[in-house]
Structures are given as structure tokens and as C-alpha cells.
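Novice: Before I ask anything, here is the structure I am working with.
The values are calculated or read from the model by the stated rules, or taken from the named source; none is laboratory data. Everything numeric here is computed off the predicted structure, so don't read it as measured data. Here the Cβ positions follow ideal geometry from the backbone for every residue, glycine too, while neighbour counts run over all protein chains shown. When the accessible area is computed, the model is the full protein with side chains, heavy atoms only, and any ligands, DNA or RNA have been set aside. Shrake-Rupley method; radii C 1.70, N 1.55, O 1.52, S 1.80 Å.
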Amino acid sequence: AVVFTIGDFAYVGTGFDGSKRLKDFWQYDKAKNTWFRKADLPGPARNAAVAFSANGKGYVGTGYDGENRLKDFWEYDPITNEWSAIPDFAGTARMGAVAFSLQDKGYVSSGSDGNDLKDLWQYDPVTKAWNQKISIGGAKRTNAFAFVVDGKAYLGGGRNNGIFETDFWAYDGSADEWIRKKDLDANGHPIAREYAVTFSTGTHGYLATGSYGGLRSDIWEYDPGKDQWRQMRSF
């Protein structure tokens with residue numbers, strides 16, 4: 001599935017339930033500890049898509065519908081509970097990419113269009129235009145992870161031609177520059193993985209679960225100031 005947040009609400013949708021691909025969307029209200037059904041995503045049901053939020057709206061696109069990789073993209077308005085089409089993703093149709101937002105602009109990177117990728121694209125909600133940015137400094141990859149801390153995006157993990165990638169990078173959107181960080185295996189810990197989930201709070205990013213030689217439940221905290229990972233209590 002994919003997730004984006006707007007204000008104090010989380011939105012979760014699409015994905016694969018073991019027998020079919022999905023297009024339903026749900027809002028989680030933490031104050032009420034309740035899930036609310038929202039408008040379904042238009043277009044094909046899908047999994048392995050991406051999502052981000054920017055300028056008060058949610059955005060979902062790419063992915064796999066069971067037969068084809070996709071490049072359509074959709075904007076969600078939480079006020080009206082309506083989806084509208086935006087220009088198709090400007091890169092190749094793909095699945096297993098990552099997305100993040102910086103300064104009210106969305107970014108989509110990596111994934112697979114039949115070959116693993118490392119390109120980076122920025123979406124501007126004001127101009128409704130996709131613009132290509134500098135590609136990831138390291139390897140191509142699919143099913144990677146990304147999170148944002150203090151105005152910078154951090155990206156790593158995933159697999160390239162079946163090999164788990166251990167390089168880890170920070171992206172500065174203002175300078176359009178990737179900066180190499182300490183490798184994920186620098187201290188001999190199994191931090192590299194695919195299909196992980198991430199989140200950030202305050203000045204730290206968190207990496208959880210995923211797959212590396214089997215399904216995992218470990219959680220790691222990243223401190224950008226020290227460029228260090230610390231293992232936390234497992235999920």
C-alpha cells in the first residue's frame with residue numbers, strides 16, 4: 001500500500017491483499033482512534049505505487065496493475081474528498097519507486113521499468129509540471145526506502161539486479177545535490193533491506209521491518225547530525 005499525511009491525518013490506500021489489487025482509500029484520525037473510508041483512487045487498482053503530500057494535497061501514482069507498470073498520477077483534495085488527474089509521471093512507467101516531499105514539491109525516484117532505475121523527478125503542484133533532477137549518486141535500485149528530516153531527504157536500501165544495496169544518500173533539494181553518507185553496513189548491522197517502512201519525528205528518521213534474507217521486525221533510528229544508526233526496540 002501507499003501512505004501520505006496531511007496535517008494530523010494519515011491516508012492509506014491501494015496495495016495487494018493476497019488475491020487482488022486495491023484502490024480503496026482510508027483516513028486515520030488519531031484523535032478519535034478511528035479509520036474513515038474516503039473516495040477510491042480513480043484509475044486502475046494497483047500495488048507498488050508511490051505517494052507524497054505537498055501544498056495541502058495528497059498525490060498517488062505509478063505502480064503495477066497486474067499486467068502493466070503505470071505512470072498515471074492523481075491529486076487528492078482532503079477538503080472535498082475528491083481525486084483529480086494531474087499530468088502523467090514524466091519518467092518511464094514503473095513500480096517499486098520511492099517518493100518524498102521537500103518545500104511543498106514532490107519527488108519520485110528509482111524503481112523498475114523492467115530495468116532498475118536511479119533517476120529523480122520533481123513535481124511542482126503550482127505549475128503542474130514534472131522536472132528531471134540529478135540522479136541518485138549511487139546504484140540503481142528498486143524497493144528502496146526514503147524519509148525526510150530537517151529539510152533533507154535520505155534514501156538507501158533496495159535491490160539492484162538482485163543484490164541488496166548498502167549505499168546511503170542525502171538529497172539537498174535547494175542545491176539539487178546528493179551527498180554520500182555512511183554505508184548501511186558500516187558497522188556490520190543488517191540495515192540494508194527492501195520493502196521497508198519509514199517515518200520521521202523531530203530530528204531523527206526511522207527505518208522499520210522489510211525483507212533481508214527473510215522478513216524482519218527490527219527498527220533503526222538515524223541521526224543525521226552524527227550520521228549514525230542506532231537499533232531500537234523491535235516491532
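Novice: Report Tyr11's accessible area, 1.4 Å probe, all protein chains in place, as a number in Å² to the nearest 10.
Specialist: 10 Å²
Novice: May I pose another question? Top mean-square fluctuation among Gly158, Gly61, Gly137, Gaussian network model of the chain, C-alpha springs under 10 Å?
Specialist: Looking only at Gly158, Gly61, Gly137, the largest GNM fluctuation is found for Gly137.
Novice: Need one value: the accessible area of Met95 in square angstrom, 1.4 angstrom probe, rounded to the nearest 10.
Specialist: 50 Å²
Novice: Is the shape of region 102-228 best called rounded, prolate or oblate, per the rule: a/c under 1.5 gives rounded, else a/b larger than b/c gives prolate, else oblate, with a ≥ b ≥ c the square roots of the Cα gyration tensor eigenvalues?
Specialist: It is oblate, given that a/c is not under 1.5 and a/b is not larger than b/c.
Novice: Using only protein heavy atoms and a 1.4 Å probe, report how much of Thr203 is accessible, in Å² to the nearest 10.
Specialist: 90 Å²
Novice: Counting pairwise Cα distances across the chain, what percent come out greater than 28 angstrom?
Specialist: Here the long-distance tail beyond 28 Å is 26 percent of all Cα pairs in the chain.
Novice: Taking H as built 1.01 Å from N, whose amide H comes closer than 5 Å to the amide H of Ile6, not counting residues under 5 places away?
Specialist: Sorted by chain and number, the residues that satisfy this are Tyr11.
Novice: Out of residues 5 or more away from Gln228 or on other chains, whose amide H comes under 5 Å of its own, with H placed 1.01 Å from N in the peptide plane?
Specialist: Placed amide hydrogens put Asp223 under 5 Å from Gln228.
Novice: Can you list residues whose amide H is under 5 Å from Lys38's amide H, if they're 5+ apart or on another chain and H is modeled 1.01 Å from N?
Specialist: Answer set, sorted by chain and number: Phe25, Trp26, Gln27.
Novice: Give Lys71/Lys226; Lys105/Lys226; Lys105/Lys140; Lys20/Lys71; Lys57/Lys140; Lys20/Lys140 a once-over and call out the pairs whose C-alpha atoms are over 31 Å from each other.
Specialist: Listed pairs above 31 Å: Lys71/Lys226.
Novice: Now for a different question. For region 63-125, give the magnitude of the charge dipole about the Cα centre (Cβ charges: +1 Lys/Arg, -1 Asp/Glu; no others), in debye to the nearest 20.
Specialist: Its charge dipole is roughly 260 debye.
Novice: Follow-up. Could you tell me what fraction of 2.2 N^0.38 Å the Cα radius of gyration of region 1-112 comes to, as a two-decimal ratio?
Specialist: 1.00
Novice: For region 110-127, just list the computed ³J(HN,Hα) in residue order, Karplus coefficients 6.51, -1.76 and 1.60, θ = phi - 60°, integers in Hz, with x standing in for Gly and Pro.
Specialist: Rounded to whole hertz, the list is 6, x, 9, 10, x, 10, 5, 10, 9, 6, 10, 10, 10, 10, 9, x, 6, 8.
Novice: Suppose we keep just the alpha-carbon trace of region 150-203; what are its Rg and Dmax in angstrom?
Specialist: Final numbers for Rg and Dmax: 12.2, 35 Å.
Novice: Keeping every protein chain in place, order Ile179, Ile134, Ile163, Ile6 by accessible area at 1.4 Å, biggest value first, i.e. largest first.
Specialist: Result, largest first: Ile163, Ile134, Ile179, Ile6.
Novice: Extent of region 182-228 along each principal axis, from alpha carbon coordinates, in Å, largest to smallest?
Specialist: Principal-axis extents of region 182-228 (Cα, largest first): 31, 22, 13 Å.
Novice: At 10 °C and a viscosity of 1.306 mPa s, what translational diffusion coefficient does Stokes-Einstein give for region 44-83, taking Rh as the Kirkwood radius over Cα pairs? Give it in µm²/s as a whole number.
Specialist: 149 µm²/s
Novice: Go through region 95-105 residue by residue and turn each phi into a ³J(HN,Hα) via Karplus (6.51, -1.76, 1.60, θ = phi - 60°); whole Hz please, and just put x for glycine and proline.
Specialist: 9, x, 7, 10, 9, 7, 10, 9, 6, 6, 10
Novice: Using only the heavy atoms of the protein chains and a 1.4 Å probe, how would Trp26, Trp220, Trp121 rank by accessible area, largest first?
Specialist: Correct descending sequence by accessible area is Trp26, Trp121, Trp220.
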